[in-house]
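The values are calculated or read from the model by the stated rules, or taken from the named source; none is laboratory data. In this text, all values refer to a predicted model and were calculated from it rather than measured experimentally. SASA here: full protein model, heavy atoms, side chains in, ligands and nucleic acids out. Shrake-Rupley method; radii C 1.70, N 1.55, O 1.52, S 1.80 Å.
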Amino acid sequence: MKVWNPIGNPKFETLSYLPPLTDDHIIKEIRYMLQNGWIPAIEFDPSGVVYRENNSGPGYYDGRYWTMWKLPLFGCTDASQVLREINECKASYPGCFIRVLGFDNVKQVQCMSFIVHKP
């Protein structure tokens, strides 16, 4: 079996090795997120990768933090609402990578993250 070709193929989130996710696949992932009580948030970034440009010191990387699309969807119980926000973000920033995050507000950690759009 051939391994992942790293040349010109940067790795992203957990599901980045799969073909692009359909809306049905995205809805299923978001439902899983909501069933676990996690708060969905949408982020976008033009490059989508971690890189070093501004500092070469240890532990510093550019691109770790993406721009948040609106506020997290606190109190959201419907996966289709998150999908509508994803589609709005795609329409506003078609040349950007877009990912969905799931935050656990009790443990105060990010529990889930996956790419939903690659330009």
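Residues whose amide H falls under 5 Å from that of I39, counting only those 5 or more places apart or on a different chain, are F103, D104, N105, with hydrogens built in the peptide plane.
Using θ = phi - 60° in the Karplus curve 6.51 cos²θ - 1.76 cosθ + 1.60, the 3J(HN,Hα) couplings for region 101-107 round to 10, x, 9, 9, 6, 7, 7 Hz; x is entered for Gly and Pro. Rolling a 1.4 Å probe over the protein heavy atoms leaves T77 with an accessible area of roughly 120 Å². Taking 0.36 nm per residue of separation and subtracting the Cα-Cα distance, full extension of the segment from S47 to C76 would add 7.6 nm.
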